[in-house]
1. Could you give every pair whose Cβ atoms fall below 8 Å, whose first residue belongs to the range 12-31 and is within 9 Å of Ile54 (Cβ to Cβ) and assigned by TED's automatic domain parsing to the domain that holds Met117, and whose second residue is among the aliphatic types (A, V, I, L, M) and at pLDDT below 95, counting only separations of at least 6 or pairs across chains?
2. Suppose the filter is touching a residue at least 40 places away in the same chain (Cβ under 8 Å) and buried (at least 17 other Cβ atoms within 10 Å of the Cβ); does Ala59 pass it?
3. Report, ordered by the first and then the second residue, all pairs with beta carbons closer than 6 Å, sequence separation of six or more or different chains, a first member in the range 248-263 that is modelled with pLDDT of 95 or more, and a second member that is among the aliphatic types (A, V, I, L, M) and assigned to a helix (DSSP H, G or I).
4. If I filter the range 256-269 for residues that are among the charged types (D, E, K, R) and in a loop (DSSP other than H, G, I, E, B), do I get at least one hit?
Amino acid sequence: MLSHVTEMIGEVERDPSISDFSSAVSALRAIGLDDFGRFFIELPNPAFPKLSSILPRMASNDVQRNWTGQCGVPLLKQSLAVTRSMSSVFAEITGSSLSGKRVLDFGCGYGRLARLMFYFTDHVEGVDPWSKSIEICQDCGLDGFKQSDYLPSDLPFPGGETFDLIYAFSVFTHLSKRATLTALKTLRNYVSNNGVLMITIRPVEYWDAAERDKSLRNTSVNDCIKKHDIEGFCFVPHDRPPVDGDVTYGDTSMTLEWLRRNNNNWEVAKIDRSIEDTYQIYVYLTPASL
């Protein structure tokens, strides 16, 4: 970190009025998003024992690599790109900033993006169907993160509770058709009427890249491209046990037209992308007009 950032964090560390999560993140927002993210991925930091005891610890490098294929600053750069997109597009669509808004990380993993979203608001929660993900989140101090179902008809929140922004990064890029439709239908019940859902989808070019990476699991890349082009949706399941008769997890691509045609609860409001993560298309959805 640059010296002025270290000095600013030191002032927060020494301030006796800062003694809990909310006051700590509020003060740390002054250092800017990139340095906020850099500080969070390096916690615990022995130079700042008070803040290290208040704020969530970062998952190990092994966990980061196992979940995303990268760790540390290279992964932070990808994370910052999508975080900035969500902040700016949310403001563009709603006319309001994310400050103080309720945010849900759907498919939170170990909470990599959630840590950055605390830059904008204290009110960030997460769900994930894999118990190991939630165990890691809670062990790191992300206490409000809960386990959900693989085919969710509801989420583990009180009835009527809604969020201003829900995001699902690299989630719908892995779901079966049934799981995709189920999740989109359920999420509508948890987004406020003026809220935004951001999901990522893969374009058809993903399949060529998957073939080069040897990750297609005995499936022809030409068959994947053909199915994507004809049906608008292609799913290659992984070797996982079925959930209610359906293998829900694998590799997925879909078109915007398929998304529009099969989800009348949502309207596509905007798309975005970062060259930091080539095959993740950010799709911003808003509740469809009744």
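The values are calculated or read from the model by the stated rules, or taken from the named source; none is laboratory data. Since this is a predicted model, take the numbers as computed values, not measurements. Please note: Cβ atoms are built from the backbone with ideal geometry, for glycine as well, and neighbour counts cover all protein chains shown.
1. none
2. Details: touching a residue at least 40 places away in the same chain (Cβ under 8 Å): yes; buried (at least 17 other Cβ atoms within 10 Å of the Cβ): yes.
When the stated conditions are applied, Ala59 passes them.
3. Pairs found: none.
4. Kept after step one, since they are among the charged types (D, E, K, R), are these residues of the range 256-269: 257, 260-261, 267.
Subset that is in a loop (DSSP other than H, G, I, E, B): none.
Scanning the range 256-269, I find no residue that is among the charged types (D, E, K, R) and in a loop (DSSP other than H, G, I, E, B), so the answer is no.
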